[in-house]
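Shown next, in structure tokens, is the structure this report addresses.
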Amino acid sequence: MAKPKIKPEIGTEKVVSASPQWNVVVLNDPVNFQGYVIVVFVNVLGISHTQAEKFMLKVHSEGRATVWTGERERAEMIVLELQQWHLSAKLEKNG
Amino acid sequence: MAELRLTMTAEARNVLTDLLRLIAPAAARVSVNRAQIPDTDKEVASFWTESLSAQAGEEARLLAAAFANAKGEPAVIILKNEAQSLAFLRALSAVRFALRELVFSDIPDDQLERAEDLDDENLPNEKRHALACYSCFGLLQQSLISQIDSEAFD
């Protein structure tokens, strides 16, 4: 007797990242110069001068900017480093 | 990055050195108080606080040594490499924040952004003096930024 063919189940599964994402948010402050903030972004985030300037202008004009998004542990380290540079930075859960 | 230099008059150097002696001990507390430290994990929060305090201590020592070594007329602070220049830049930001929090926290943000316009004779002498020093530290910072910028980005 022939074994019945087992039809494989084919389905789709939505792949979702296991860990929630966190935002590194920088707030405007009245003490640090715009040029200083650019130097900090370049050094801490490892981004280009142009991108750093865009972030700085967003912080200046809107009062805040999300400069990095990712896993909590790395986000915490970036916030700490930005605070060590005396920027007003904080961690926010994404979504 | 080549050696960077910050030049000031001997009188400015003396005034800023005196102010640094007063403000430096409080700078660490200001740095920790300003920071938004995540409070969900005690171990992380403790590490965070210790890191900020240690950094503030290093910055105070760096500034004190740099100003003490800047002798003569004009007084010149020499920063030998990129790491020193960036550390000094960061330390100047710390002392400006300490002044802001400890001496003129009552001045609104938008007025402080135009600190050079704030030399109002109605202000108490102590506050006027602190504001003048705040602006001087800012000038040193801007001089350093322009030197770092021209080398790094042009």
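Every read-out reported here was derived from the displayed coordinates using simple, explicitly stated rules and does not represent laboratory data. These numbers come from a predicted model, not from an experiment. All Cβ positions, glycine included, derive from the backbone under ideal geometry; neighbour counts span all protein chains shown.
Couple of notes before you dig in:
- Prolate/oblate/rounded call for chain B, Cα gyration tensor, a/c under 1.5 rounded: oblate
- Computed label-point distance, nm, for sites residue A:61 and residue B:102 using a 7 Å Cα→Cβ extension: 3.8 nm
- Order by protection proxy (mean Cβ within 10 Å, highest first), peptides B:65-72, A:64-71, B:105-112, B:52-59: B:52-59, A:64-71, B:65-72, B:105-112
- Take the Cβ atoms of residue B:21 and residue B:109, set R0 to 25 Å, and the FRET efficiency comes out at 0.35.
- Only Lys, Arg, Asp and Glu carry charge here, each on its Cβ (+1 for the first two, -1 for the last two); on that basis the protein assembly as shown has a dipole of about 1060 debye about its Cα centre.
- Mean projected area of the convex hull spanned by the Cα atoms of region A:40-95, taken over all viewing directions: 3.8 nm².
- Residue mean of other protein chain beta carbons inside 10 Å, A:33-43: 5
- Amide H contacts for residue A:88 (H built 1.01 Å from N in the peptide plane; partners 5 or more residues away or on another chain; cut-off under 5 Å): A:27.
- Neighbour net charge for residue A:90 - beta-carbon separation under 14 angstrom, K R +1, D E -1: -1
- Per-residue shielding of B:35-41, expressed as the average number of other chain Cβ atoms within 10 Å of the residue Cβ, stands at 5.
- Counted by Cβ distance under 10 Å from residue B:77, the other residues give a net charge of +2, where Lys and Arg count +1 and Asp and Glu count -1.
- For region A:22-93, the relative contact order is 54 percent, taking Cα pairs closer than 8 Å that sit 6 or more residues apart in sequence and dividing their mean separation by the residue count.
- Relative protection proxy for B:80-89, A:30-39, B:36-45, from highest mean packing down: A:30-39, B:80-89, B:36-45 (other beta-carbon atoms within 10 angstrom).
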